[in-house]
1. Could you work out [θ]222 nm for the chain from helices alone, using -39500 (n - 2.57) per DSSP H run of at least four and dividing by all its residues? Round to the nearest 500 deg cm²/dmol.
2. What distance in nm lies between label points placed 7 Å from Cα along the C-beta direction at Gln447 and Asn382?
3. Considering the alpha-carbon set of the chain alone, what are its Rg and its Dmax in angstrom?
4. For Lys412, go through the aspartates and glutamates and keep the ones whose alpha-carbon is under 13 Å away, minus same-chain ones fewer than eight residues off.
5. May I ask you to evaluate 6.51 cos²θ - 1.76 cosθ + 1.60, the Karplus curve with θ = phi - 60°, for each residue of segment 60-75 and list the ³J(HN,Hα) values in order in whole Hz, giving x for glycine and proline?
6. For segment 121-222, calculate the relative contact order in percent as a whole number, restricting contacts to Cα pairs under 8 Å that are 6 or more residues apart.
7. Measuring from label point to label point, each 7 Å out along Cα→Cβ, what is the Gln137 to Gln170 span in nm?
8. Taking amide H atoms as placed 1.01 Å from N in the peptide plane, list the residues 5 or more away in sequence, or in a different chain, whose amide H sits under 5 Å from that of Val67.
Amino acid sequence: MKSRVITILVILILLVGIGIYWKQNQTNTVAETAAPDTGSAVETANEDAPSEVALSEEKMKNIQLTVAPVKRQPLSQVRMVPGRLQYDDRKHVSVKAPADGVLVEVRVKTGDKVKEGQVLAVLNSPEIGTARADLLQRTAEYELAQKQFGWKNEIQNNVQKLVDALLSKQPIPEIEKEFANEKLGDYRSQLLPAYSRYLLAEMINLKSAPLAKSGAISLQSLKRRETEMQDARADLKSLCEQSIYDVKLERDREQARLNDAEHRMTISRQNLEALLGSAVDPGSKELKAAEKLSRLEVIAPFSGTIEDRTFSRSERVNRSDALFTLAQTDTLWVAADIRESDWASISLTGSQELQVKVNSFPDETFPAQLYYLGRSVSPVTNSVPLIAEIKNPDGKLRPGMFVQVLIPGKQKSDVITVPARSVLDDAQQEFVFVKTSDCSFRRVDIQSGLKTEDWVEVQNGLTEGEQVVDEGAFTLKSELLLEREE
C-alpha cells in the first residue's frame with residue numbers, strides 16, 4: 001500500500017514538470033512570432049510616411065512661398081577665403097636718418113600729406129660735412145688734372161704738327177707764322193733753333209760746292225761743311241723723335257693722373273650719395289656753400305601721408321633710425337592664405353582679376369588684381385600666401401580691414417541647377433520641394449554636384465523646367481515633419 005502511494009506521487013510530479021516545460025515553449029514561440037511582425041509594422045510606417053505637403057490658402061498667404069524653375073546654365077564655383085588689407089610694400093617706407101646727427105628742424109607731423117621731394121626734416125651731421133668736404137677736394141683735384149691733361153694733350157698735337165713741318169723743310173718764316181699762337185711749351189725753344197742750324201748748315205754746304213770747284217776753298221773745307229750739315233740734320237731728327245716721345249709720355253702721365261683723380265672723385269661722390277640716399281651734383285652751389293656742408297635735408301621719396309613720426313626737433317639721432325613712416329594708400333594689398341586642402345578646387349592664373357568683399361562695406365564688391373601667389377606651403381599655417389592689388393583712389397579702404405576674397409574654382413559649362421536655398425537636408429539626404437499644384441508640394445530627393453553661393457548642380461532627381469520652392473522651403477520641411485508626427 002505504501003509503495004503504491006509513492007509511485008502515484010512520482011507520476012504526479014513528472015506530469016507537473018512536463019506541463020511547465022510545454023508552457024514555456026509556447027511563450028517563446030509567441031514572442032518570436034511577434035518580433036518580426038513589429039519590424040514589418042515600423043517598415044510599413046516609414047514607407048507610408050507622407051512626402052507631400054498641402055497647405056491651406058491662409059498658410060500660403062502667411063509663409064509667402066516663391067518658386068524657381070529648374071534650368072540649365074554654366075556654373076562656376078567660387079572659394080571664399082578670409083584676408084586683410086595691408087599697405088602696398090612698394091609705397092610704404094621708413095624714412096631713416098642717413099648719418100648720426102642732430103635734428104635742427106622737423107617740418108611735418110603725423111597725418112600730414114606731403115609731396116614728392118618735400119623737405120620733412122633738417123639734420124646737422126658732421127659725418128655728412130666731412131663727406132661733402134672730401135668730395136669738394138676730390139672734385140678740385142680732378143678739375144686740375146683735367147686742365148693739366150688738356151694742356152699736355154694740346155702740346156702733343158702741336159709738337160707732332162711742328163715736327164711734320166720741320167721734316168718737310170718748310171721755310172722758317174712760314175713755320176713761325178703758323179705756330180705763333182699754338183701751345184708748344186719748351187719744345188718751341190728746342191726744335192726751332194735746331195731746325196735753323198740745320199738750314200744754315202745746308203745752305204753753307206750748297207754754296208761751298210761751286211767754290212770748291214773753282215778752287216776758292218779747299219776740298220777739306222767742303223768735306224767739313226758737309227759733315228756739319230749731316231750732323232745738324234741728325235741732331236734735328238734725333239731731337240724731333242725725342243720730343244715726340246717726351247711729349248707723349250707727359251700726356252700719358254697726365255692721363256693717368258686724370259683717371260686717378262676721376263676715380264677718387266667718383267668714390268667720394270658715391271660715399272656721399274650712400275649717406276644721403278640720393279644723387280649728388282659736385283658742381284651744385286649748395287654743395288659748395290661752406291655753411292651748408294653739414295646740413296642735410298631729409299626729403300619725401302614720393303607723395304603720400306606721414307603715418308608716424310618718431311623724433312622731434314633738437315633730438316640726436318643715429319644712422320638708420322626711422323624718422324618717419326611714409327605711405328601712399330591709393331593702392332593697397334589684400335593678403336590671404338589658401339589652405340592646402342582647397343588648392344585642387346581653385347583656378348588662378350597670371351594677373352587674374354579677383355573680387356573682394358570688405359566687412360565694413362557689406363553691399364559693395366571691390367575688384368582686385370592678383371599680384372603674387374606663393375610657391376611653397378607654410379609648415380605653420382599649412383597654406384599658400386596670396387597677395388592681390390586693390391585700387392583705393394578715394395581712400396575709403398584702410399589697412400587692417402578684414403575682407404573676404406572670392407577665388408574662382410571649378411567650372412562646368414552646361415548643368416541642371418536649382419537655387420541654393422531650395423536644397424534641404426534630412427538625415428544626410430538632400431532634397432527639394434517640387435510644386436505639384438497651387439497649394440501642394442512634393443518632396444524629391446536629389447544628388448547634388450558642384451555648389452556655389454547661389455546655385456547647386458543637380459546630378460539626379462530633377463528635370464529641366466520643373467518648379468522648385470525657393471524662398472520658404474524650410475517652412476515646408478517643418479510642415480512635413482509635423483504631418484509625420486501626427
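The values are calculated or read from the model by the stated rules, or taken from the named source; none is laboratory data. Remember, predicted model here, so these are calculated numbers, not experimental data. Neighbour counts run over all protein chains shown; Cβ positions are idealised from the backbone, glycine included. Areas reflect the complete protein model, heavy atoms only, side chains present, ligands, DNA and RNA absent. Shrake-Rupley method; radii C 1.70, N 1.55, O 1.52, S 1.80 Å.
1. Only helices count here, giving -15000 deg cm²/dmol.
2. 3.0
3. Just the Cα atoms of the chain yield Rg and Dmax of 54.0, 216 Å.
4. Counting by Cα, and skipping residues close in sequence, Lys412 has these aspartates and glutamates nearby: Glu457.
5. So the Karplus estimates, Gly and Pro as x, are 4, 6, 6, 8, 6, 6, 10, 10, 9, x, 6, 9, 8, 6, x, 9 Hz.
6. About 19 percent, as a whole number.
7. Reported label-point gap for Gln137 and Gln170 is 4.7 nm.
8. Asp470
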